[in-house]
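Trainee: First the structure, then my questions, so here it is.
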Amino acid sequence: RYTEASLVKELEEREIGRPSTYASIIGTILDRGYVFKKGTALVPSFLAFAVVNLLEQHFGNLVDYDFTAHMEDGLDEIARGEAERVRWLTRFYFGANGEEGLKELVGDIGDIDAKGISSFPLKGSDIMVRVGRYGPYLDRDGERVNIPEDIAPDELTAEKAEELFAQPSGDRELGTDPETGHTIVAKSGRFGPYVTEILPEPAPPAEGEKKRRTKKADAPKPRTGSLFKTMSLDTITLDDALKLLSLPRTLGELDGEPVTAQNGRFGPYIKRGADSRSLGSEDELFTVTLEKAKELFAQPKQRGRGRAAAAAPLRELGNDPASEKPVVVKEGRFGPYVTDGETNASLRKGDEVESITIQRAAELLAERREKVAADGGKKKTTTRRRTSAKSGS
């Protein structure tokens with residue numbers, strides 16, 4: 001298993017990417033669920049194995065290490081003005097010298113056996129590991145059981161699989177949403193218990209019709225909602241679940257901006273643009289009014305009980321690929337900022353505390369370091385102006 005630092009080192013040795021893109025690479029594989037974190041380790045997911053299968057079997061030359069390094073060199077030549085970009089892209093897309101281009105490679109993507117590339121035999125058993133639309137699961141002669149999200153591929157043995165088959169299902173079917181007709185279930189996930197809806201499978205293409213390709217970003221996503229601290233998987237009802245799935249809740253508009261009530265990692269809050277205020281309890285998410293929200297926004301943000309106590313971070317984002325130190329979001333005198341303990345960088349317009357990623361934070365920190373270096377390595381400091389006593393003469 002790699003850490004962020006050791007992965008960057010491996011990328012450097014294979015000449016893949018550049019220092020300016022390492023944060024983006026790590027952010028992408030985390031955001032897409034190809035890896036997840038256990039401590040400082042980046043653990044590959046079952047989805048990652050399915051994606052690697054797809055790429056190696058159908059796009060092998062595009063993921064070849066030598067090809068990737070050569071492509072990086074070509075892009076560098078374009079950046080330096082030593083190569084013509086249209087000619088380079090034309091060769092990449094249409095192919096040249098007998099090599100297939102991207103156009104030809106993706107032309108037959110509809111013929112790919114999706115089930116085949118996402119199925120793996122479990123060593124020492126007759127069990128198959130499959131990656132489905134709603135996550136990885138075990139399959140044995142039609143009997144299925146979900147694989148818990150916190151089990152890494154190298155931890156799944158035949159013995160562990162038998163234990164999972166022997167356990168009662170962790171999912172609870174709560175009923176049907178009367179508005180959509182979708183089945184609502186309660187589940188246990190890596191980040192705690194939650195409820196979600198089961199979307200129907202897309203209709204198969206008509207005979208003779210090619211299967212349509214749908215981008216992941218355009219594919220319908222089921223609604224999900226984390227259980228409140230006062231709820232449990234054993235007792236949650238369909239009505240409770242439908243309330244959770246209705247979040248975020250729109251209260252109305254203030255000064256032309258929509259105001260919503262939503263639940264976050266650090267508790268319930270209301271949000272208007274980039275501004276937010278905490279709520280006293282999770283139940284208030286369903287009762288807070290626009291008038292109450294107006295009162296809360298009129299009050300200054302609570303910044304702790306005193307200056308002597310350091311304020312808790314608003315969010316923890318992970319380790320910065322450059323400094324290898326943990327990055328957090330904090331509330332400062334002039335607004336929220338990200339820091340790795342040494343370098344601070346203010347959030348820009350469009351950056352939000354609730355949604356900023358480690359990738360974006362690393363970019364802000366890198367820009368700040370470059371600015372400090374350009375200024376001679378000195379950070380700006382604020383000094384208090386002293387007033388000298390005037391002479392009485």
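Trainee: Sort 34-40, 365-371 by packing, meaning the average of other beta carbons within 10 Å per residue, with the highest value first. Walk me through the intermediate numbers first.
Mentor: Details: 34-40: 14.7, 365-371: 16.4.
Put in order of decreasing packing, that is 365-371, 34-40.
Trainee: If you take every residue apart from Ser232 with its C-beta less than 12 Å away from the C-beta of Ser232, what net charge results, scoring Lys and Arg +1 and Asp and Glu -1? List each step's numbers first, then the result.
Mentor: Values: positive: Arg172, Lys229; negative: Asp234, Asp240.
Charge balance near Ser232 sits at 0.
Trainee: Now a separate question. R0 = 35 Å: FRET efficiency of Leu238 with Lys38, Cβ-based, nearest 0.05? Don't skip to the end; give the middle numbers.
Mentor: Details: r = 34 Å, r/R0 = 0.98.
The formula returns an efficiency of 0.55 here.
Trainee: Next up: Starting with the highest mean, order 351-360, 171-180, 93-102 by the number of other Cβ atoms within 10 Å, averaged over the residues of each peptide. Provide the component values of the computation, followed by the final result.
Mentor: Working: 351-360: 17.7, 171-180: 13.4, 93-102: 11.4.
Most protected by this proxy first, the peptides run 351-360, 171-180, 93-102.
Trainee: Moving to a separate point now. Amide H of Arg315 versus every other amide H placed in the peptide plane: which residues, excluding those fewer than 5 positions away on the same chain, fall under 5 Å?
Mentor: When sequence neighbours closer than 5 places are left aside, the close amide H contacts are Val329.
Trainee: Here is a further query. With charges set only on the Cβ (+1 for Lys and Arg, -1 for Asp and Glu), what does the dipole of the chain come to about its Cα centre, in debye to the nearest 20?
Mentor: Values: 60 positive and 66 negative charges, 581 e Å.
With Lys and Arg at +1 and Asp and Glu at -1, about 2800 debye.
Trainee: I would also like to ask the following. First measure r as the distance between the Cβ atoms of Ile78 and Ala274, then evaluate 1/(1 + (r/R0)^6) with R0 = 41 Å and state the FRET efficiency to the nearest 0.05. Display every interim value, and only then the final one.
Mentor: On the way: r = 37 Å, r/R0 = 0.89.
After rounding to 0.05, the efficiency reads 0.65.
Trainee: What FRET efficiency, computed as 1/(1 + (r/R0)^6) with R0 = 51 Å and r the Cβ-Cβ distance, is obtained for Glu316 and Ala96, rounded to the nearest 0.05?
Mentor: On the way: r = 48 Å, r/R0 = 0.93.
E between Glu316 and Ala96, to the nearest 0.05, is 0.60.
Trainee: Here's something else I'd like to know. Once you've got the Cα coordinates, tell me which of Lys37/Lys294; Lys38/Lys243; Lys294/Lys349 are over 28 Å apart.
Mentor: Lys37/Lys294; Lys38/Lys243
Trainee: Leu75: net charge of surrounding residues, Cβ under 14 Å, Lys/Arg +1, Asp/Glu -1, itself excluded?
Mentor: On the way: positive: Arg18, Arg80, Arg85, Arg87, Arg91; negative: Glu15, Glu72, Asp73, Asp76, Glu77, Glu82, Glu84.
Result for the neighbourhood of Leu75: -2.
Trainee: Separation between the Glu291 and Thr230 pseudo-spin-labels, each 7 Å from Cα along Cα→Cβ, expressed in nm?
Mentor: Placing both labels 7 Å beyond Cα along the Cβ direction yields 2.3 nm.
Trainee: How about Lys187: which aspartates and glutamates have a C-alpha closer than 13 Å to its C-alpha, ignoring those fewer than 8 places off in the same chain?
Mentor: Glu149, Asp171, Glu173, Glu197, Asp234
Trainee: Now for a separate question. Please check: in the Gaussian network model of the chain (C-alpha springs, under 10 Å), which one of Ala362, Ala166, Ala158 has the largest mean-square fluctuation.
Mentor: Ala166
Trainee: For semi-axes √(5λ) of the Cα gyration tensor in Å, pick the label among [x] 41, 35, 21; [y] 50, 24, 20; [z] 53, 29, 24 that corresponds to the value derived from the coordinates.
Mentor: Read-out from the structure maps to [x].
Trainee: Sticking with this one: Dipole size in debye (nearest 20) for the stretch 321-374 around its Cα centre, Lys and Arg Cβ +1, Asp and Glu Cβ -1?
Mentor: Value, rounded to 20: 200 debye.
Trainee: Test of understanding: in a Gaussian network model of the chain with alpha carbons linked when under 10 Å, which of Arg277, Arg18, Arg80 would top the mean-square fluctuation ranking?
Mentor: Top of the fluctuation ranking is Arg80.
Trainee: For Arg223, enumerate residues with amide H under 5 Å from its amide H, sequence gap 5+ or separate chain, H modeled in the peptide plane.
Mentor: Answer set, sorted by chain and number: Glu197.
Trainee: How many nm is it between the label spots at Glu253 and Arg348, if each spot is 7 Å from the Cα in line with the beta carbon?
Mentor: 2.8
Values quoted throughout were computed directly from the atomic coordinates according to the rules given, and no laboratory measurement underlies them. Quantities reported herein were computed from a predicted structural model and do not represent experimental measurements. Here Cβ is always computed from backbone atoms with ideal geometry, including for glycine, and neighbour counts include all displayed protein chains.
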